[in-house]
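Notes follow once the structure below has been shown.
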Amino acid sequence: MNAALRRIQCGNALAAFGNGFTAPFLFVYASRVRSLGEGTAGAVMAVFAVAALAVLPFTGRVIDRRGPMPVAYLGSLLGVVGALGFAVSESASAVLASSALMGAGVAVLQPALATMIVACSGAATRSRAFATQFFLNNLGLGVGGLFGGLMVDEHRPATFTLLFVIEAAMFVVLAVVLATVRLPLPRTAHGSRAVPQEAGPAPKAGGDWHALMHDRSMVLLCVLGFVLFFACYGQFESGLSAYAVEVTRISPATLGMALAANTAVIVLAQYVVLRMVERRRRSRVVALVGVIWAVAWVAAGASGLVHGTQAVATALIIGTYALFGLGETMLSPTVAPLVADLAPARLMGQYNSAFALVKQLALAVGPAVGGLLAASGAYGVYIVLLVGCSLGVSLLALWLGRRLTAVQDRPYRSVVVAGRSDSAEASGYGRGEPVKEHAGAASGH
């Protein structure tokens, strides 16, 4: 990694570390520590998601007009204010306001950081850059959650205040680190006009979304992304955990072990998996993820059918979370870089924000559907639904693969065959090199 990318990754990891301090304890903090009740605690989580959905449709346009750095500063500022707001909030309205600020801040940081990573990487290095980001995110969240759990005490509100202060400090550190980064300037249409005509019409109100919606490959990728996030991430804290406790009948402590297994697989296997998948077709890698997750959901279903052998049932649930982690390590160097390679240079922020919006929608719909089926006891329907969604991921990925160019589906091999070096083609965002032209030209037609 070059110096700018190392700093971006460092700041991202520190922000994840701060978020790990508080994210697992928001519900307990609102419902018990501040004695606001479970209804208010649930509303805190909902407001967090709604705030993210509210700001993401506008984030991409600002990134493309002003650059990702001002947006990242704004996200950091909102994160600081939200975290400190949580630290001093004692009423429902104050907690909800803090949740909205935090949700908005975290939401706008995602596409801003993604755009920075694209700007500092090339086609041959982008998969590794996003895999590193995913690895550091999970490591930061895991370590932060571990230390937060050791420090927190439900009967001492001051311990929660300390956690939120630490999170606010990490947002400040993120902003300071990003202030030392110098990004390459994006190539604009009034330069050499490297952006192909298919990239979309001249900038105007609503024009960016119009161009994106007419990019059929990107629309298909967004559909695929929604199903991916719905079938995995959207179930961790709702349907799957309810199934594990209510049907498989494991203890909450064992459920924590399963979550730890998920994180351990990601941290330990990320770079091993990366070496295996980065030179292969992205569409086939994602299709394989769908198969792996279908097996994971079958294992989860089987854990509820094993009677009298609790050890086997427990092993099946832990294996389910581990298989999800394996799939996640395969997605991190695949999907986000594909968004970047589909995007015209002048709409990089818009494409990253649109995909972040799709992810947020799935994370909102997933727990709602999973919780509803769990509440009604329809666990058989639940497992069948998620197995079907996983297999749907495979079919959608193969369909998408038929629309991608060789550069988009297998960029590492394409760059090597063309004899390009990293220094010659890093970064498409900043220089509008031929790789970006190929990506834009085939993305929607």
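Where Lys and Arg each count +1 and Asp and Glu each count -1, what net charge lies around residue 333 among other residues with Cβ under 12 Å from its Cβ? With Lys, Arg at +1 and Asp, Glu at -1, the neighbours total +4.
Restricting region 100-187 to trypsin sites (Lys or Arg not before Pro) that sit in a DSSP loop and have at most 15 other Cβ atoms within 10 Å of their own Cβ leaves 182. Backbone geometry of region 71-86 corresponds, through the Karplus equation with coefficients 6.51, -1.76 and 1.60 at θ = phi - 60°, to 3J(HN,Hα) couplings of 5, 5, 4, 4, x, 5, 5, 4, x, 4, 5, x, 5, 5, x, 4 Hz, x marking Gly and Pro. Among 401-409, 355-363, the peptide with the highest mean count of other Cβ atoms within 10 Å heads the list, and the full ranking is 355-363, 401-409. The dipole here belongs to the chain: it is taken about the Cα centre, uses +1 on the Cβ of Lys and Arg and -1 on the Cβ of Asp and Glu, and is about 1300 debye. Across the chain, Cα pairs under 8 Å and at least six residues apart give a relative contact order of 26 percent. Under a 5 Å amide H cut-off, with hydrogens placed 1.01 Å from N, residue 214 pairs with nothing among residues at least 5 apart or on other chains.
Dipole magnitude for region 1-179: about 600 debye, using +1 per Lys or Arg Cβ and -1 per Asp or Glu Cβ, origin at the Cα centre.
Give the order of 29, 233 when sorted by the count of other beta carbons within 10 angstrom, beginning with the fewest. Going from least to most buried by this count: 233, 29.
Remark on the chain: ratio of C-alpha radius of gyration to 2.2 N^0.38 Å is 0.96. Taking Lys and Arg as +1 and Asp and Glu as -1, the other residues whose beta-carbon sits under 11 Å from that of residue 351 total -3.
Based on alpha-carbon atoms, the Kirkwood radius and the radius of gyration of region 329-415 give Rg/Rh equal to 1.08. Separation of region 294-314 from region 52-119 is 40 Å, based on Cα centroids. Counting beta carbons within 10 Å around each of 115, 329 and listing the fewest first gives the order 329, 115. At what distance in angstrom do the alpha carbon centres of region 220-266 and region 318-394 lie from each other? The distance from the Cα centre of region 220-266 to that of region 318-394 comes to 11 Å. Each residue in 86, 25 was given a count of other beta-carbon atoms within 10 angstrom of its own, and listing them fewest first yields 25, 86. Using θ = phi - 60° in the Karplus curve 6.51 cos²θ - 1.76 cosθ + 1.60, the 3J(HN,Hα) couplings for region 18-33 round to x, 5, x, 5, 10, 3, x, 10, 4, 5, 5, 4, 6, 7, 10, 5 Hz; x is entered for Gly and Pro.
Listed values for region 391-397 are Karplus-derived 3J(HN,Hα) couplings in whole Hz (6.51 cos²θ - 1.76 cosθ + 1.60, θ = phi - 60°), namely 5, x, 4, 4, 5, 5, 5, and x replaces Gly and Pro.
Quick note: the coordinates plus some simple rules give every number you see, no bench work behind them. The structure presented is a predicted model; accordingly, all values stated were derived computationally and were not measured. Quick reminder, even Gly has a Cβ in these numbers, built from the backbone with ideal geometry, and neighbours come from all protein chains shown.
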